[in-house]
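The values are calculated or read from the model by the stated rules, or taken from the named source; none is laboratory data. Since this is a predicted model, take the numbers as computed values, not measurements. Here the Cβ is made from the backbone with ideal geometry for all residues, glycine too, and neighbour counts use every protein chain on show. Accessible surface areas use protein heavy atoms only, side chains included; no ligands, DNA or RNA. Shrake-Rupley method; radii C 1.70, N 1.55, O 1.52, S 1.80 Å.
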Amino acid sequence: MTADQTHDRDPAKRVKFFDTTLRDGEQSPGIHLNLREKVEIAHQLSRLGVDVIEAGFPITSPGDFEGVSAIAKEVGGVTVAALARANEKDVTIAGEAVQAAERPRIHTFIATSDIHLKHKLKMDRAEVMARAIDAVKLARSIVEDVEFSCEDATRSDREYVAEVVGAAIAEGATTINIPDTVGYTMPDEFQSFLTELYERCPSLRDVTLSVHCHNDLGLAVANSLAGLHAGARQIECCVNGIGERAGNASLEEMAMILRTRAEDVNGLWSGVNTEEITRASRLVSRMTGYVIQPNKAVVGRNAFAHEAGIHQHGVLANPLTYEIMDATSVGLAKSEIVLGKHSGRHALRNALIELGYELDDEHLNHVFVRFKDLADRKGELSALDLEALMTDEVRAESADGPRLTDVTFSGGVGAEPSATVAITMPDGEVARAEGTGDGPVDAIMMAIDAALGSSGRLLEYSVHAVTSGKDALGEARVVCDIDGGRQTGIGVSPDVLEASAIAYLRAVAARRQEQDERVAAEGV
Ligand code: KIV
Ligand code: ZN
């Protein structure tokens, strides 16, 4: 049964979902999303029905500022928040970035724990209090909706947190967020912290209390739930539980707890459309390159699979024997989509609509060319192949830099691996070069470096199959140090070496773009 069927929807029990995949999630090591990828994810978050999208931290880079601004302009039906430290410049820039949003929010924060005050901020408590007051006041002069967070709250003096929170509310903060920044607290301790906070700071009842839990001890979801029991009505989370270090509370787990155990969470409910969870999860995984562990709750590929015969027998007799959730409730319907090289535009358009992509004629024509090429090489294409193709479209679309037009390799036992590449530059010039290396991927990187004059070192490399079968599409992900900067690239192809070449070329192009943006921002 769902929350909708079992409860009258009491507005006081509505839990807001604040998604920070594009901010805290994007801070995960090795993740670097470009503008189109961020906007695509934001559209899916809006379809998923989250209440707030934290779109980025605009002061940190021109790319972050543009990402937040683009989402504020293009993604409707949701609050768009921008993060800002508690200082004038951060708050002003965050305000500029979200100004076009239907519902803009500035989220400003400062640490309250003595350990952060002493070693990071080098401020005393009075100074931090003054900063918090000024930042909230300024933010409220820009937007109506202001969130204030006490960073490292769970390791802070409780009385001091209550004082700062009270002052932030007096200045007009509309949401107070209590982060467990280092994932240190435990459910009963967190609940008592928040209960005490309500006692010490009665004005907290006039605003929304939010919780933001990290997963360093694997307790982010349990702590968020404890927060709800204490009275919080906003949870901050990320799709697939990504985020700084061990990640944030997982959005899909929180949403499915509220749906599956509605009666046992006092009728708390959310506006999350859980049928969109699988699509959101796959999209985030593909765009970030963070592969989902197979046994991950709700979205892992084994979450609804039954291996043991006794389980299979039970599930066939009645799914309730071993399944507490219905696969369709997370959008995991078995798709019937199979397209082949004889499928036409019409069939492709219908399949894409079924997958949630509505393309105009020009874009469809472009995708159709890639689809035909892929179908010629691979035979049949499934829903997963089409999703991978569409994700790759978004990657390719924003990368108007160099394109790989050819790559060849030679090697074998006892032979030195070598590769040649042809790369078409944005001005139409074709750069050709060859390289040798320790293995085929190294040789490809050498050839690309020779063609572009870059210098890269591979830090991480992975390939995984998008679907099963020997003709599966391969998705290669590289994390490299390029000209002294860390960069990620992802490429998809039925040929894993071609996918690797595309991934590395994209990483080099992204690094170049980052360098150009930095130079432009510095006005050099
Ligand atoms: O973990 C944290 O404390 C944060 C804040 C900026 C809310 O991410
Ligand atoms: Zn965080």
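Summary table below
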| item | result |
| --- | --- |
| Long-range neighbours under 8 Å by Cβ, at least six apart or interchain, first residue touching a residue at least 24 places away in the same chain (Cβ under 8 Å) and closer than 18 Å to residue 14 by Cα within segment 239-262, second of a type in the set (Phe, Trp, Tyr) and away from ligand 1 (no atom under 16 Å from the Cβ) | 258/269; 262/269 |
| Unmet criterion (only one of (1) within 16 Å of ligand 1 (Cβ to nearest atom); (2) open to solvent by 50 Å² or more (accessible area, probe 1.4 Å); (3) touching a residue at least 40 places away in the same chain (Cβ under 8 Å)) for residue 216 | (3) |
| Of residues in segment 219-252 being open to solvent by 40 Å² or more (accessible area, probe 1.4 Å) and under 18 Å from the mean Cα position of the chain (by Cα), the one nearest to residue 23 (Cα to Cα) | 244 |
| Tally, over segment 107-153, of residues that are open to solvent by 20 Å² or more (accessible area, probe 1.4 Å), under 19 Å from residue 198 (Cα atoms) and of a type in the set (S, T, N, Q) | 0 |
| Helices (runs of 4 or more DSSP H) wholly inside segment 302-386 that include at least 3 residues being modelled with pLDDT of 90 or more and not assigned by TED's automatic domain parsing to the domain that holds residue 254 | 345-354, 361-378 |
| Residue within segment 252-266 that is assigned to a loop (DSSP other than H, G, I, E, B) and under 22 Å from residue 43 (Cβ atoms) present | no |
| For residue 272: the one exception among (1) within 16 Å of ligand 2 (Cβ to nearest atom); (2) of a type outside the set (Gly, Ala, Ser); (3) in contact with a Leu (Cβ under 8 Å, 6 or more places away or on another chain); (4) not in a strand (DSSP E or B) | (1) |
| Of the criteria (1) touching a Leu at 6+ places or on another chain (Cβ under 9 Å); (2) under 21 Å from residue 273 (Cα atoms), which one residue 43 fails | (1) |
| Filtered residues of segment 479-524 (kept if of a type in the set (Lys, Arg) and not in a helix (DSSP H, G or I)) | 486 |
| Segment 445-489, residues that are surrounded by fewer than 21 Cβ atoms within 10 Å (Cβ to Cβ), under 23 Å from the mean Cα position of the chain (by Cα) and small (Gly, Ala, Ser) | 462, 465, 474, 485 |
| Failed item, numbered, when residue 81 is tested on (1) modelled with pLDDT under 95; (2) within 16 Å of ligand 1 (Cβ to nearest atom) | (1) |
| Inter-residue pairs, beta-carbon under 7 Å, first under 14 Å from residue 370 (Cα atoms) and in the same structural domain as residue 476 (by TED's automatic domain parsing) and in segment 486-497, second open to solvent by 20 Å² or more (accessible area, probe 1.4 Å) and acidic (Asp, Glu), 6+ apart | 494/471 |
| Filtered residues of segment 275-301 (kept if hydrophobic (A, V, I, L, M, F, W, C), assigned to a loop (DSSP other than H, G, I, E, B) and surrounded by 20 or more Cβ atoms within 10 Å (Cβ to Cβ)) | 298, 299 |
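Let's see how each residue does on (1) over 19 Å from residue 477 (Cβ atoms); (2) assigned to a strand (DSSP E or B); (3) touching a Gly at 6+ places or on another chain (Cβ under 8 Å); (4) open to solvent by 50 Å² or more (accessible area, probe 1.4 Å):
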position: 393; (1), (2), (3), (4): no, no, no, no
position: 404; (1), (2), (3), (4): no, yes, no, no
position: 407; (1), (2), (3), (4): no, yes, no, no
position: 410; (1), (2), (3), (4): yes, yes, no, yes
position: 417; (1), (2), (3), (4): yes, yes, yes, no
position: 422; (1), (2), (3), (4): yes, yes, no, no
position: 426; (1), (2), (3), (4): yes, no, yes, yes
